[in-house]
Amino acid sequence: MKFVVAIDGTAASGKGTLGKKIAEHFDFHYLDTGILYRIVAYNLKYNSDFSKISKQKVQNSLKLLNNKNFNITNLRNEQITLRASEISKNKIVRDNLLLYQRNFALQNGGAVLDGRDIGTVVCPDADVKIFVDADVKIRAKRRYDQLVKNNKDLNLKKIIDDLSKRDNLDKNREFSPMVPAKDAFLLDTSNLTVEEALKKIIVIISKKFKK
Ligand code: DC
């Protein structure tokens, strides 16, 4: 059985949390495609010239993901987050991550992929497409509340600026920019709890897929 749910959206919009919960609910496979861009960013030397990224380097980065000793929490820091957005405009990177994502989507048992271009480029024939967004101040406040326990120096204004910067890079790049697919359901979670957003998505998917 093949069934693909594409969840795209802005940075920190909650698409990852929703994607995981949807996959659990329907017992589908789940892929956070942002992690692929993050691992390529991590695997490049800090002084490397983004325009000279090779196919080999991208493929070696993917191998690192399967290394059990590799701790993926390393990929969530501020520096890697911004670099991931910067390298994601490179066509060699995008082209060489495409097959991995498509193979994942088409495996048996149903798949949920979250990212920026899943409904437009990676899986244009996805069975369900959702584009998640929320006011940037609300997204930043949610992130602030998550992180403040472990970091008393957090600055809300800086989080707003970082999210806006990343959204702008992702929206305005030449290849596969972040844009809702024409047939995507637009979900604004500004005034919704995770449970409320999840319920709405489950209703949409259930119209096409019977558990
Ligand atoms: O989803 P995320 O925040 O972990 O993604 C990190 C960056 O990776 C994001 O700013 C842009 C890039 N990305 C992308 O270009 N296409 C995707 N499908 C997923 C992520």
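All of the numbers you see were taken from the coordinates with simple rules; none came from a lab. Here the structure is a predicted model, which is why all the values come from computation and not from measurement. FYI the Cβ positions are ideal-geometry reconstructions off the backbone, even for glycines, and counts take in every protein chain you see.
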Report the rotationally averaged projected area of the stretch 74-134 based on its alpha-carbon convex hull, in square nanometres. 5.4
Could you give the length gained on full extension between residue 164 and residue 108, defined as 0.36 nm per residue of separation minus the Cα-Cα distance, in nm? 16.5 nm
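Calculate how large, on average over all directions, the projected area of the Cα convex hull of the chain is; give the answer in nm² to one decimal. Provide the component values of the computation, followed by the final result.
Values: hull surface 47.8 nm².
Quarter of the Cα hull surface area: 12.0 nm².
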Please give the Cα centre distance for the stretch 137-209 versus the stretch 1-31, rounded to the nearest Å. 13
Assign unit charges at the C-beta atoms only (+1 for Lys and Arg, -1 for Asp and Glu), then state the dipole size of the stretch 121-161 relative to its Cα centre in Debye, rounded to the nearest 20. 400
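What value does the stretch 4-60 have for Rg/Rh, both radii from Cα atoms and Rh as Kirkwood defines it? Let's see the in-between values first.
Numbers: Rg = 14.8 Å, Rh = 13.5 Å.
Across the stretch 4-60, the Cα-based Rg/Rh ratio is 1.10.
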With +1 on each Lys and Arg Cβ and -1 on each Asp and Glu Cβ, how big is the dipole of the chain about its Cα centre, in debye rounded to the nearest 20? 340
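About the Cα centre of the stretch 1-43, how large is the charge dipole given +1 on each Lys and Arg Cβ and -1 on each Asp and Glu Cβ? Please answer in debye to the nearest 20.
40
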Could you list, bin by bin from short to long, the percent of Cα-Cα pairs of the stretch 1-113 in 10 Å steps? 13, 43, 36, 8, 0
Under the 7 Å Cα-to-Cβ spin-label approximation, residue 69 and residue 147 lie apart by a distance in nanometres of 2.9
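Please list, by residue number, every one of the trypsin sites (Lys or Arg not before Pro) in the stretch 74-177 that is coil in DSSP and has at most 16 other beta-carbon atoms within 10 Å.
Qualifying residues, ordered by number: 152.
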Tell me which DSSP H helices of the chain clear both cut-offs, 20 Å or more of axial length from alpha-carbon atoms and a mean Kyte-Doolittle hydropathy of at least -0.5. 91-105, 194-208
Tell me, what is the FRET efficiency for residue 156 and residue 86 to the nearest 0.05, using R0 = 25 angstrom and their Cβ-Cβ distance as r? 0.60
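Across every pair of different alpha-carbon atoms, what Kirkwood hydrodynamic radius in Å does the stretch 44-107 reach? Walk me through the numbers on the way to the answer.
Values: mean 1/r = 0.0773 Å⁻¹.
Result for the stretch 44-107 stands at 12.9 Å.
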Counting other Cβ atoms within 10 Å, which chymotrypsin sites (Phe, Trp or Tyr not before Pro) in the stretch 41-81 have at most 16 and lie in a DSSP loop? 46, 70
